1. Pairs needed: first member in region A:127-154, within 11 Å of another protein chain (Cβ to nearest Cβ); second member anywhere, open to solvent by 60 Å² or more (accessible area, probe 1.4 Å) and at pLDDT below 95; C-beta distance under 7 Å; at least 6 residues apart or different chains.
2. Out of everything in region B:117-159 that is assigned to a loop (DSSP other than H, G, I, E, B) and out of contact with any Phe, Trp or Tyr (no Cβ under 7 Å at 6 or more places or on another chain), what residue ends up being modelled with the lowest pLDDT?
3. Going by the conditions given, is B:A213 at negative phi and touching a residue at least 24 places away in the same chain (Cβ under 8 Å)?
4. Is region B:192-205 home to any residue that is under 29 Å from B:T328 (Cβ atoms), assigned to a loop (DSSP other than H, G, I, E, B), more than 14 Å from chain A (Cβ to nearest Cβ) and of a type in the set (A, V, I, L, M)?
5. Quickly run through region B:103-160 and pick out the residues that are in contact (Cβ under 8 Å) with a residue 60 or more places away in the chain and under 15 Å from B:I59 (Cα atoms).
6. Could you grab me the full set of residues in region B:73-102 that are touching a residue at least 40 places away in the same chain (Cβ under 8 Å) and surrounded by fewer than 17 Cβ atoms within 10 Å (Cβ to Cβ)?
7. Taking B:F183 as meeting all but one of (1) within 30 Å of A:R145 (Cβ to Cβ); (2) open to solvent by less than 30 Å² (accessible area, probe 1.4 Å), write down the number of the exception.
8. What number of residues in region B:206-225 are more than 14 Å from chain A (Cβ to nearest Cβ) and open to solvent by less than 10 Å² (accessible area, probe 1.4 Å)?
Amino acid sequence: MAAVEVKKLVKKYGSMDAVKGISFSISEGEIFGLIGPNGAGKTTTLRVLATLLSINGGSVTILGYDLNKEASEIRKLISYLPEDAGAYKNLSGRAYLQFIANFFDRKDVFAMVQKGIEITDLGARIDDRVDTYSKGMMRRLLVGRALMTNPKLAILDEPTSGLDVINAQEIRKLVKSTAQSGTTVLLSSHNMLEVEYLCDRIALIAEGNIIETGKPKTLMEKYQARNIEEVFVRTVPK
Amino acid sequence: MSGLGNITKKEIRELLTPATFIPIIVVALIFATMGTSIQGLQEQSSEPPIIGIITEDNIGYGAMASTLLHKNAKSVFNSTSITDLHNGIEIVRQHEGVAVVIIPKNFTERIMQEQQGTIEVNWIMKGTGLMDSISSGALEVLLSYININLSKQLIEQNTTVNASFALSPTIRVETTSYKNRQFAGLSPNTIAGMLASQSMLIPLVMMMIIIMAGGIVITSMALEKENKTLETLLTLPVKRTSIVTGKIIAAAVIGLILAIIYMMGMQFYFKGFEVSGGVNLATYGLVLTTVDFLWIGISLFLALIAGLSLCMLLGTFAKNYKSAQTLTFPITMLALIPMFITMFADFDTLPLAVKVFTFAIPFSHPMMASRALLFDDYILVIGGIVYVGIFALITISIVVWVFKTDRLLTGTTKLKWIKRLKRQRF
């Protein structure tokens, strides 16, 4: 069974078509990357799949549940990391993780928080208030929050956005190991190296349409490109 | 352009927003309306009071007092027998008058014996608001004027008269009737003053809770957006209803705590202004029972929930902390308006349009409840509770619906019926 099945998805903002009937599917345990220029419809697609936005056409099935009818069931199984997410500033890192874990099964809360603390790797700073964290620390906390709940599907919008090389690399490793443990990952990124390193398959999206879908290696061969960046430049309309 | 000029121009441009000016314009309009109303009331108080006069003593000082009453008041009922009192009260009530004044048989005789002549005043109270007792104030002035005139007369006629008696040759015996109740020894002014001082606390508590807790709810929504935590919250396995009610309950608790702290200080402040007049309202049956307090509690609680759900709805429009501050203004106004109305006027005596407006504001009901319960007006209180309950339910449903739409994140909604309407029109 596909973890995600998107068929002819349409999303409009007023009269503007943000997503124009895209279709793709993601297998369980797969890391699937959405790449495209700014305003292509990546974040809109991720927000739709994260149950945040309604759809204007087509259908979306996540882990067997219909997005339109069973959004609350989907929310139990997914985790969404927005690109510019934040945390409650008055809470400590630990209290924030605890707050999130409390929404899930009571018996798993302690284990979830411990896992979150481990992922964030913030040491003693986990007990400091969130508003004292650097950007890198904040992002690690949020990644920890997103992955600690053992989601069946992790939707990560620019997971390494604004991070330095070291922090970004650590998060990439985390995403990879999360997928290896059975979680399906859908991510978007501007970083082509990241996409090439992480993703089993990618979809190139531009102006609300999917232009290409496939394995990075296959696409590079098809477009006789040395890397995904070249594939991107050759396929995405200027 | 100099650096100073450049900065000044930029600052003025940023500050010249509707959000800065609309609140000030609305406040100015409210004060202007209040000023006009007060001016109207002053004019009303200078008009002769509408009364009924029963003159049983039509000779000497009695005739003099009666003449002064006829000359300075608008008499709509005249009689020479106390047996007509009931009929007189009805006629004066129909003419929206204030009282039936009786000059009893022995009035002149008592004054001749250097005993205070009794003037019986049967007040007809229209409402318990301070503004409702303005006409009765005009009659009180007239009765004092009669006293002074008789006093002058006595001094001019008899130089050996007892000084303290000469200064006060009349005594007033008052009975006020209001909502089928008789209050012996009290004038409408005294009753209204005492009720105002005793029932000022609930409107103030209500206003403070709404302003404080309302601000918390709106700011909370704005901060969720500003701190980028809303998106995460909305993808968690929690019902939208739980998010909405959780925020409302938290704000209500914090608002109550803040209001209690505030009111502890205010109570000491009010003690300095209490109008007791040595009269205990409980002796007139004007006392709230435990059940009454329960009704007030229910009314207060529901109004708070209705108010906070309204704030929550406004909060969905807040983009950040700054815009949240602007959005608290309509709520502040909605809390202030009924507070002023209930402080100065009685719901029963308000013009129909103002009555509907006051009833429609959910915060009015706990403010009106204590006075209404004192006079057993359960219909107003229970009707208010039902209305506020329905108001709260509808508002919460709308908020939950907004939480389920894209509006919260994108500022747009999928209102198909509005789109259809637009298409039909254009």
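1. Here the result reads A:V130/A:K89; A:D131/A:K89, each pair linking region A:127-154 to a residue that is open to solvent by 60 Å² or more (accessible area, probe 1.4 Å) and at pLDDT below 95.
2. So the residue we want is B:T159.
3. On the way: at negative phi: yes; touching a residue at least 24 places away in the same chain (Cβ under 8 Å): yes.
Yes; evaluated as a whole, the condition is true for this residue.
4. Scanning region B:192-205, I find at least one residue that is under 29 Å from B:T328 (Cβ atoms), assigned to a loop (DSSP other than H, G, I, E, B), more than 14 Å from chain A (Cβ to nearest Cβ) and of a type in the set (A, V, I, L, M), so the answer is yes.
5. The answer is B:L150, B:Q153.
6. B:H95, B:E96
7. All conditions are met except number (1).
8. So the count comes out to 7.
The values are calculated or read from the model by the stated rules, or taken from the named source; none is laboratory data. Note that the structure is predicted; figures quoted are calculated from it, not measured. Heads up, the Cβs are rebuilt from the backbone with ideal geometry, glycines too, and the neighbour counts pull from every protein chain shown. To get the accessible areas, we keep the full protein, side chains included, count just its heavy atoms, and leave off ligands, DNA and RNA. Shrake-Rupley method; radii C 1.70, N 1.55, O 1.52, S 1.80 Å.
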